[in-house]
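Single-structure report; data block below.
The values are calculated or read from the model by the stated rules, or taken from the named source; none is laboratory data. As the structure is a prediction and not an experimental result, all values here were calculated from the model. Note: ideal-geometry Cβ built from the backbone for every residue, glycine included; neighbour counts use all protein chains shown. Heavy atoms of the whole protein, side chains included, go into the accessibility calculation; ligands, DNA and RNA do not. Shrake-Rupley method; radii C 1.70, N 1.55, O 1.52, S 1.80 Å.
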Amino acid sequence: MGSAAWLATQMDQQMLDKLIAHHAVPSENLPRKSGDQVFKEIGNRQLLRYVDIYHVHEPETGRDNLPTWVTPTPLSCDDLDHYLDLPSPDIPRTHVVRIDPRYIDEIRGPQWVGLGLGIQYLLPRGYPLDAVLAPHWAHEVR
């Protein structure tokens, strides 16, 4: 694990301070917020969805009506499994979709990741194509 991931997470923790829910809180009990609220909460930044090579074209259509977990924290590929506790850890997440939370109606969180060290938000109904930042595709993480 890299120290940059630790530092980035610590900075997000300081920014979000007492807002971060315990990892055991069920997703339906996480605070409901508008995308505008979350945008301000995370310092006018974007949310990040890390994807594998098979999902790099996902941003071309959006991800409507599919619950989607995202994070405000930029991480390297080597740190993703430790910080985000992703399913199928044997599949490397090599790309990131950058999402503008202001285009999302409902966001839940923030919350500590269950077995990871990171912070996550839930997009209960996914995200529309309009929420993907230009140039509207996933970028390789190096």
Completion exercise
Helix-only [θ] at 222 nm, the chain, -39500 (n - 2.57) per DSSP H run of 4+, per residue, nearest 500, equals -5000 deg cm²/dmol
Exercise for the section: Would you kindly derive the ³J(HN,Hα) couplings of the stretch 137-142 from the backbone phi angles with the Karplus curve 6.51 cos²θ - 1.76 cosθ + 1.60 (θ = phi - 60°), listing them in order in whole Hz, with x for Gly and Pro? Expected result: 8, 6, 9, 5, 9, 10
Completion exercise
Relative contact order as a percentage, the chain, C-alpha pairs under 8 Å and 6+ apart, gives 35 percent
Problem - Probe 1.4 Å, all protein chains present, accessible-area order of Arg125, Arg63, largest first - result: Arg125, Arg63
Problem - Gaussian network model of the chain, Cα within-10 Å springs - most flexible of Gly114, Gly43, Gly35 - result: Gly43
Exercise for the section: Search the structure for amide H atoms under 5 Å from the amide H of Ile119, placed 1.01 Å from N in the peptide plane, and list their residues when 5 or more places away or on another chain. Expected result: Val113
Fill in the blank from the handout: Of the residues Gln14, Gln111, Trp137, the Cα lying farthest along the dipole of the chain towards its positive end, which is defined by charges on the beta carbon of Lys, Arg, Asp and Glu, belongs to Gln14
Exercise for the section: Apply the Karplus parameterisation 6.51 cos²θ - 1.76 cosθ + 1.60, with θ equal to phi minus 60°, to every residue of the stretch 27-35 and state each ³J(HN,Hα) to the nearest whole Hz, in sequence, with x for glycine and proline. Expected result: 4, 5, 9, 5, x, 8, 9, 7, x
Fill in the blank from the handout: Residues meeting the amide H criterion for Tyr50 (H placed from the backbone, H to H distance under 5 Å, 5 or more places apart or on another chain) are Val97
Completion exercise
Expressed per residue, the solvent accessible area of the stretch 1-95 in Å² (1.4 Å probe) is about 60 Å²
Handout entry: Relative frequency of Cα-Cα separations exceeding 19 Å in the chain, percent
Key = 47 percent
Exercise for the section: Please arrange Trp6, Trp69 by accessible surface area, largest first, computed with a 1.4 Å probe and ligands excluded. Expected result: Trp6, Trp69
Exercise for the section: Rank-order 19-25, 47-53 by packing density, defined as the average count of other C-beta atoms within 10 Å over each peptide's residues, highest first. Expected result: 47-53, 19-25
Problem - Percent antiparallel among DSSP beta bridges (both partners in the chain, rounded to 5) - result: 95 percent
Exercise for the section: For the stretch 1-65 and the stretch 93-126, write down the distance between their C-alpha centroids in whole Å. Expected result: 3 Å
Practice task
Run the accessible area of the stretch 5-123 with a 1.4 Å probe and give the carbon-and-sulfur part as a rounded percent.
Solution key: 53 percent
Problem - Reference-scaled alpha-carbon Rg (2.2 N^0.38 Å with N residues) for the stretch 60-142 - result: 1.07
Handout entry: Positive-pole candidate from Pro26, Pro74, Ile42, dipole of the stretch 1-121, charges at beta carbon
Key = Ile42
Exercise for the section: With +1 on each Lys and Arg Cβ and -1 on each Asp and Glu Cβ, and nothing else charged, work out how big the dipole of the chain is about its Cα centre, in Debye to the nearest 20. Expected result: 360 debye
Handout entry: Phi-based couplings in Hz for the stretch 76-84 (Karplus 6.51, -1.76, 1.60; Gly and Pro marked x)
Key = 7, 4, 5, 9, 4, 5, 6, 8, 10
Problem - the stretch 1-80: C-alpha gyration tensor shape, a/c 1.5 cut-off, then a/b vs b/c - result: oblate
Problem - Only Lys, Arg (+1) and Asp, Glu (-1) charged, at Cβ; the stretch 4-88 dipole about Cα centre in debye - result: 380 debye
